[in-house]
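Written below as structure tokens is the structure these notes are about.
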Amino acid sequence: MSATIAAAPPGAARSSSTVLEIRGLVKEYAAGKPVLKGVDIAVPAEGITAVIGPSGTGKSTLIRCINRLVEPTRGSIRLHGEELTGLRGRGLRLARRRIGMVFQEYNLVERLTVMENVLSGRLGYVPLWRAWLRKYPEEDIQRAFSLLDAVGLPDHATRRADALSGGQRQRVGIARALMQRPEILLADEPTSSLDPRTAVEVLELLTSLTAAEGVPVIINIHNVDLAKRYARRIIGMSGGSVIFDGPPEQLEAHHLRAIYGGEDWL
Ligand SMILES: Nc1ncnc2c1ncn2[C@@H]1O[C@H](COP(=O)(O)OP(=O)(O)O)[C@@H](O)[C@H]1O
Ligand SMILES: [Mg+2]
């Protein structure tokens, strides 16, 4: 065969290893006062990408711009090449279905059971009348049971969410997010409300389960040591700009000084 193989289109090689491409992202809550000042990030399609930086530097704003809880002012956010900024209505709902969320305060429905909370991850897929009648397809129920198993809560399906500890709630939060079969998972300080030991357990679980499911994760995290331990990639932000972007082993004291300022705390 002598057929010429067409050269791959520009960006094709990158798109196979990048799940989310953020370019020139600016967010101004008040005109002329940018909180994000032109952020460029290519999020790899595998593993944990940790965003670190001091409080108020725009980490939550970055995550909220991705799932459009916050409207970006300028710039581009592409999920598997599809532009997310500017989507509305049905297009936005379909895009959100592809993005899982894990929250610092878990955001479970407290008076519902663990099982109902996990199944609610399917709400973007199941017709509303089915959800109201709690008629989820059998395969969804089977998957919910296997996720509860995977997060270490096999016997908790019928317990009410408000009867769980913080660590257990966050495990349910992770199961619910994966129930959605997301293309990417966003986690905003998912362990900040937990004691140090539980935080490590939850991060272990988040890392192993998302790796097994093949779901890349962006995690905002205060704790630099945990970020270095679990992330494959670290994004260091300061004052609304990315000032470090690389693997944990390249993150050095001078980077941390630039990100967090000062030295006495190091
Ligand atoms: N909804 C909002 N309206 C106005 N200002 C906001 C809003 N959300 C966040 N901010 C401001 O944007 C800046 C970045 O906040 P945030 O993204 O929460 O940072 P981080 O998550 O890194 O602590 C802060 O100065 C904060 O006060
Ligand atoms: Mg925050």
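Every read-out reported here was derived from the displayed coordinates using simple, explicitly stated rules and does not represent laboratory data. Note that the coordinates shown come from a computational prediction; the quantities given were computed from them, not determined experimentally. Glycine gets a Cβ as well: all are built from the backbone with ideal geometry, and neighbour counts include every protein chain shown.
Quick look at the values:
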| read-out | value |
| --- | --- |
| Residue among Ala144, Ala30, Ala211 with the largest mean-square fluctuation in a Gaussian network model of the chain, springs linking Cα atoms under 10 Å | Ala30 |
| Translational D in µm²/s for the chain (Stokes-Einstein at 37 °C, 0.692 mPa s, Kirkwood Rh from C-alpha pairs) | 168 µm²/s |
| Expected 222 nm ellipticity per residue - DSSP helices of 4 or more, -39500 (n - 2.57), all of the chain, to 500 | -10000 deg cm²/dmol |
| Size of charge dipole - the range 110-266 - debye, nearest 20, with Cβ of Lys, Arg +1 and Asp, Glu -1, no other charges | 600 debye |
| Computed Kirkwood radius, in angstrom, where 1/r is averaged over Cα pairs of the range 83-186 | 14.0 Å |
| Leading residue at positive end of dipole, the range 40-159 (Cβ point charges), from Gly58, Ser76, Ser146 | Ser76 |
| Contour excess over end-to-end distance, with Cα ends at Arg111 and Arg93 and 0.36 nm allotted per residue | 3.9 nm |
| Theoretical FRET efficiency, 1/(1+(r/R0)^6), r = Cβ-Cβ of Arg74 and His254, R0 41 Å, to 0.05 | 0.85 |
| Extent along principal axes [Cα atoms of the range 163-266; Å; largest to smallest] | 42, 29, 23 |
| Relative contact order [Cα under 8 Å, 6+ residues apart], the range 65-198, whole percent | 36 percent |
| Modelled FRET efficiency - R0 45 Å, Asp195 with Glu83, Cβ distances, 0.05 increments | 0.65 |
| Dipole magnitude (debye, nearest 20) for the chain, charges at Cβ of Lys, Arg, Asp, Glu | 1020 debye |
| Cut-off 11 Å, label 7 Å out along Cα→Cβ of Ser208, residues of the range 132-163 by amide N | 150-152 |
| Inter-probe distance in nm under a simple model that places probes 7 Å from Cα toward Cβ, at Arg134 and Ser165 | 2.7 nm |
| The range 43-95, dipole about Cα centre (Lys/Arg Cβ +1, Asp/Glu Cβ -1), debye to the nearest 20 | 240 debye |
